[in-house]
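Colleague: Here it is: the structure, laid out below.
The values are calculated or read from the model by the stated rules, or taken from the named source; none is laboratory data. From a predicted model like this one, the values you see are computed outputs, not experimental measurements. All Cβ positions, glycine included, derive from the backbone under ideal geometry; neighbour counts span all protein chains shown. Side chains included, ligands, DNA and RNA excluded: accessible areas come from the protein's heavy atoms. Shrake-Rupley method; radii C 1.70, N 1.55, O 1.52, S 1.80 Å.
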Amino acid sequence: MKRWVVCLLVMSSLSYASPWERVSTPSTAPAQSVGHYANGCLIGGEALPLDGEGYQVLRSQNRRNFAHPSAIRFIEKLSRQTFATSHRRLLVADMSLPRGGQFSSGHTSHQTGLDIDIWLQLEATPWTKEQLQKPKPQSLVDLDYYTLKKDQWRPEHFELFKLTATQPDVARIFVHPVIKKQLCELEEGDTVWLQKVRPWWGHHYHMHVRLHCPEGSKDCRGQKAPPKGDGCGSELASWFPRSVPVEKPKKAVQTKPKPRPKKIMPPQCEPLIAQVSN
Ligand SMILES: [Zn+2]
């Protein structure tokens with residue numbers, strides 16, 4: 001391909017990037033998560049090292065392996081603990097951009113360095129660089145029948161969810177309703193930890209771990225605690241269709257996606273992208 005064509009392609013792909021995606025390094029001030037998970041930024045972020053104990057980083061080429069330093073310590077500890085008991089590795093997917101902030105597509109949250117996606121494949125053998133850069137997700141849920149893929153479920157999944165939810169740093173874990181149902185059924189003792197496990201669409205091959213605002217981040221805005229109780233009863237039932245198999249929706253008429261409402265960014269975030277916004 002001619003060099004100018006390549007240049008044009010690079011320029012056009014860059015023009016779709018948000019200002020936050022065009023910054024490749026974290027800022028150097030003391031660490032602060034600023035604003036809300038879905039409207040904020042990250043000062044003094046840290047990268048999750050690519051070669052850690054008990055985990056591997058997916059798609060590091062996208063530079064979404066940044067987070068608040070306390071979140072980095074959290075993942076390192078969770079991975080070490082998981083590996084020590086199961087000899088399986090966590091596959092850590094998107095966290096935040098080097099300075100947090102908005103993505104041009106995909107996530108609405110993950111903006112403050114406190115949201116972490118972890119795939120649920122629990123690998124015993126380390127993945128190659130090629131596999132990590134172009135990973136293939138493996139769902140735990142049969143989405144047509146709304147049932148668990150029993151051949152994919154491992155006892156280590158239950159242990160991972162319970163270990164994660166019982167960490168004091170964790171505010172919520174988002175996961176597909178079918179997976180929450182399985183956790184509810186397996187827990188024979190105290191179900192209090194299941195309060196933090198929140199059913200949400202899409203999370204059938206990964207879990208999304210959301211941490212509380214870290215100490216010292218005075219401009220960080222957390223979220224109301226989840227409703228009281230373990231959520232295993234009527235709340236969970238409301239996520240399930242009344243009969244299975246689920247009728248496939250008729251082909252939807254293509255409509256223009258509604259533009260996301262413009263949010264007012266916390267003023268502390270603006271200087272982080274001052275050089276690339278203009
Ligand atoms: Zn996520």
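Colleague: Would you calculate the separation in nanometres between label points at residue 124 and residue 87, each defined as 7 Å from the Cα along the Cα-to-beta-carbon direction?
Modeller: Label-label distance for residue 124 and residue 87, simple model: 0.7 nm.
Colleague: For the range 86-244, what are the per-bin percents of Cα-Cα distances with bins 5 Å wide, up to the bin holding the maximum?
Modeller: 1, 8, 17, 20, 20, 16, 11, 5, 1, 0
Colleague: Then there is this: Which pairs break 32 Å Cα to Cα here: 149/196; 181/263; 129/224; 129/162; 77/224; 129/181?
Modeller: Among 149/196; 181/263; 129/224; 129/162; 77/224; 129/181, the Cα-Cα distance tops 32 Å for 181/263; 129/224; 129/181.
Colleague: Something else now. Tell me, what is a quarter of the convex hull surface for the C-alpha atoms of the chain, in nm² with one decimal? Each step should come with its number before you reach the end.
Modeller: On the way: hull surface 71.5 nm².
Mean projected area of the Cα convex hull: 17.9 nm².
Colleague: Just for the chain, what percent of DSSP beta bridges are antiparallel, to the closest 5?
Modeller: Roughly 75 percent of the beta bridges in the chain run antiparallel, per DSSP.
Colleague: What fraction of the Cα pairs in the range 110-165, stated in percent, has a spacing above 20 angstrom?
Modeller: 42 percent
Colleague: Using a 1.4 angstrom probe on heavy atoms only, work out the carbon and sulfur share of the accessible area of the chain in %.
Modeller: 55 percent
Colleague: Right, another one. Quick check: pseudo-label points 7 Å beyond the Cα along Cα→Cβ at residue 104 and residue 142, how many nm apart are they?
Modeller: It works out to 4.0 nm between the two label points.
Colleague: Another question, if that's okay. Counting pairwise Cα distances across the range 182-245, what percent come out greater than 19 angstrom?
Modeller: That fraction is 47 percent.
Colleague: Only helical DSSP H runs with n ≥ 4 go in: add -39500 (n - 2.57) per run for the chain, normalise by residue count and round the 222 nm mean residue ellipticity to 500 deg cm²/dmol.
Modeller: Dividing the helical sum by the residues of the chain leaves -6500 deg cm²/dmol.
Colleague: Once you have all Cα-Cα distances for the range 63-172, histogram them in 10 Å bins from zero and send the whole-percent values.
Modeller: So the P(r) values, bin by bin, are 13, 39, 39, 10, 0.
Colleague: Here's something else I'd like to know. Placing one identical point scatterer on every Cα of the range 33-113 and ignoring solvent, what is log10 I(q)/I(0) from the Debye formula at q = 0.17, 0.27 Å⁻¹?
Modeller: Log-scaled intensity ratios, in q order: -0.63, -1.21.
Colleague: Now a separate question. Calculate how large, on average over all directions, the projected area of the Cα convex hull of the range 28-75 is; give the answer in nm² to one decimal.
Modeller: 3.9 nm²
Colleague: So, one more: As an exercise, use a Förster radius of 30 Å and the Cβ-Cβ distance of residue 154 and residue 80 to find the FRET efficiency, rounded to the nearest 0.05.
Modeller: The calculated FRET efficiency here is 0.95.
Colleague: Give the accessible surface of the chain per residue, rounded to a whole number of Å², with probe radius 1.4 Å and ligands, DNA and RNA excluded.
Modeller: Here the per-residue accessible area is 57 Å².
Colleague: The range 81-135: percent of C-alpha pairs farther apart than 13 Å?
Modeller: Numbers: 978 of 1485 pairs.
Everything past 13 Å amounts to 66 percent.
Colleague: Straight distance only, please: which aspartates and glutamates reach the Cα of residue 150 with their own Cα at less than 18 Å, same-chain residues fewer than 8 apart left out?
Modeller: Once the sequence-local aspartates and glutamates are set aside, what remains near residue 150 is 123, 142, 159, 185, 187.
Colleague: Pop the C-beta distance of residue 185 and residue 225 into the FRET formula with R0 = 30 Å and round what comes out to the nearest 0.05.
Modeller: Given R0 = 30 Å and the Cβ-Cβ separation, E is 0.80.
Colleague: Take the Cα gyration tensor of the range 123-196, multiply each eigenvalue by 5, square-root it, and list the three semi-axes largest first, rounded to whole angstrom.
Modeller: Values: eigenvalues 116, 60, 27 Å².
With the √(5λ) rule applied to the range 123-196, the semi-axes are 24, 17, 12 Å.
Colleague: May I pose another question? What's the longest bit of the chain with no exposed GluC sites (Glu not before Pro), using DSSP loop states and at most 12 other Cβ atoms within 10 Å as the test?
Modeller: 54-187
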